[in-house]
Amino acid sequence: MSPYPPNSDSRLWNDVLREGPRFLEAVRKAVGDDVDIMVDAGGSDQYWHGDLKWAMEAARMLAHYNVVWFEEALRADDLEGYRQLRAASPVHISAGEVITRRQNFYAWIEARALDIVQPDLCIVGGLSEGRRIAWAADDHHILVVPHGWNTAVGLAADLHLTAAIPNARYVEYWFPAPYVDGILAKPFRLDSNGLLAIPTGPGLGIEVDEEKVRHYARAG
Ligand SMILES: [Mg+2]
């Protein structure tokens, strides 16, 4: 018998647990053994209904497929839920993309609620604030994966932050996406190893193509 109440949302969460193995096996087969797989559940969504017990069950399933981290498994403000999930989960637990200001991150870092924090530099106040969050995370042996789900400018900042701190290895970004690959004179491209180069020009190292930006501006 299902442990979830009989409504459409609970069916969805059961489907995730039931279909997940088949899906993950297909992804692993497609990318091979040398590519890291992460799973983002999207707990910041305003209609999110996944709860702690669901997340714990999902985490155990994901561990079976060597998923590197399980992201946004719970609602974005559920600090206590994340603390319990992180303590119990065999896979790394990440979140934080909608958290604003370093002062809010400190509570999550000090509570050991996450294995990985994901500040969005366009939300937390830019590179300087992101750097302070990153160092606080490093003091607590927490990894930082910047959340670059915004624009090419944000992604450039994420790459620089990631290169400048010891506790970062990945950048999460949006691709294909018009505001990421459609507004630069030279768009970001993955190299043959699947890596993004850190821009080396002045400032953030990118050149925004204003004509392309105008294309996406509301005024046209
Ligand atoms: Mg994400």
Item checked: Summed side-chain charge close to A87 - residues other than A87 whose Cβ falls under 12 Å, Lys, Arg +1, Asp, Glu -1 -> +1
Checklist line | Cut-off 19 Å (backbone N to label point 7 Å along Cα→Cβ of D34), residues of segment 169-206 | finding: 170, 190-197
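Can you give me the orientation-averaged projected area of the convex hull built on the Cα atoms of segment 8-177, in nm²? Please report the intermediate quantities before stating the final value.
On the way: hull surface 39.0 nm².
If you wrap the Cα atoms of segment 8-177 in a convex hull and average its projections, you get 9.7 nm².
For Cα pairs less than 8 Å apart in space and 6+ apart in sequence, what is the mean separation divided by the residue count of segment 8-177, i.e. the relative contact order in percent?
Details: 276 pairs, mean separation 25.0, N = 170.
Relative contact order for segment 8-177 comes out at 15 percent.
What's the magnitude of the charge dipole for the chain around its Cα centre, counting Lys and Arg as +1 and Asp and Glu as -1 at the beta-carbon? Answer in Debye, nearest 20.
Rounded to the nearest 20 debye, it is 80 debye.
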Notebook entry, point to check: Cα axis of helix 8-31 to longest principal axis of the chain: angle in degrees, 0 to 90, nearest 10?
Noted result: 60
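Tell me the relative contact order for segment 135-182 as a rounded percent, counting alpha carbon contacts under 8 Å between residues six or more apart. Show your work: numbers first, answer last.
Details: 60 pairs, mean separation 20.6, N = 48.
Computed value for segment 135-182: 43 percent relative contact order.
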Check: Taking H as built 1.01 Å from N, whose amide H comes closer than 5 Å to the amide H of I37, not counting residues under 5 places away?
Finding: V68
Item checked: At most 11 other Cβ within 10 Å, DSSP loop - GluC sites (Glu not before Pro), segment 33-80 -> none
Checklist line | Linear extension gain, A163 paired with V98, 0.36 nm per residue minus alpha-carbon span | finding: 21.2 nm
Note to self: Nearest 10 degrees is fine. How inclined is helix 127-139 to the longest principal axis of the chain, computing both from alpha carbons?
What the structure shows: 40
Notebook entry, point to check: Roughly how tilted is helix 152-164, in degrees to the nearest 10 and between 0 and 90, from the longest Cα axis of the chain?
Noted result: 80
Next item on the list: Using just the helices of the chain, give the 222 nm mean residue ellipticity in deg cm²/dmol: DSSP H runs with n ≥ 4 each add -39,500 (n - 2.57), and the total is spread over all residues, rounded to 500.
Entry: -13000 deg cm²/dmol
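Count neighbours as other Cβ atoms within 10 Å of each site's Cβ, and list the trypsin sites (Lys or Arg not before Pro) in segment 51-108 that are DSSP loop with at most 13 such neighbours.
Numbers: sites: K53, R60, R75, R83, R86, R101, R102; in loops: R75, R101.
Hits after loop and neighbour filter: R101.
Suppose every Lys and Arg Cβ carries +1 and every Asp and Glu Cβ carries -1, with no other charges. What dipole size does segment 17-123 come out with about its Cα centre, to the nearest 20 debye?
On the way: 12 positive and 18 negative charges, 48 e Å.
Rounded to the nearest 20 debye, it is 240 debye.
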Next item on the list: For D51 and R218, compute 0.36 nm times the residue count separating them, minus their Cα-Cα distance, and round to one decimal in nm.
Entry: 56.3 nm
Checklist line | Unit charges at the beta carbon, dipole of segment 9-109: most positive-side option, W69, G81, V35 | finding: G81
Notebook entry, point to check: So which chymotrypsin sites (Phe, Trp or Tyr not before Pro) in segment 23-74 are both in a DSSP loop and have at most 12 other Cβ atoms within 10 Å of their Cβ?
Noted result: Y47
Check: Each label point is 7 Å from the Cα along the Cα-to-Cβ direction; what then is the distance between the points at Y106 and T200, in nm?
Finding: 3.9
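Beyond 14 Å, what percent of the Cα pairs of segment 25-76 remain? If you can, show how the numbers build up before the last one.
Numbers: 714 of 1326 pairs.
So the pairs more than 14 Å apart make up 54 percent of the total in segment 25-76.
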Next item on the list: Choose one answer from L190, L52, L155: the residue with the largest mean-square fluctuation in a GNM of the chain with alpha-carbon springs under 10 Å.
Entry: L190
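A short reminder: the numbers here are calculations on the coordinates, not readings from a lab. For clarity, every value in this text was computed on a predicted model and none was experimentally measured. All Cβ positions, glycine included, derive from the backbone under ideal geometry; neighbour counts span all protein chains shown.
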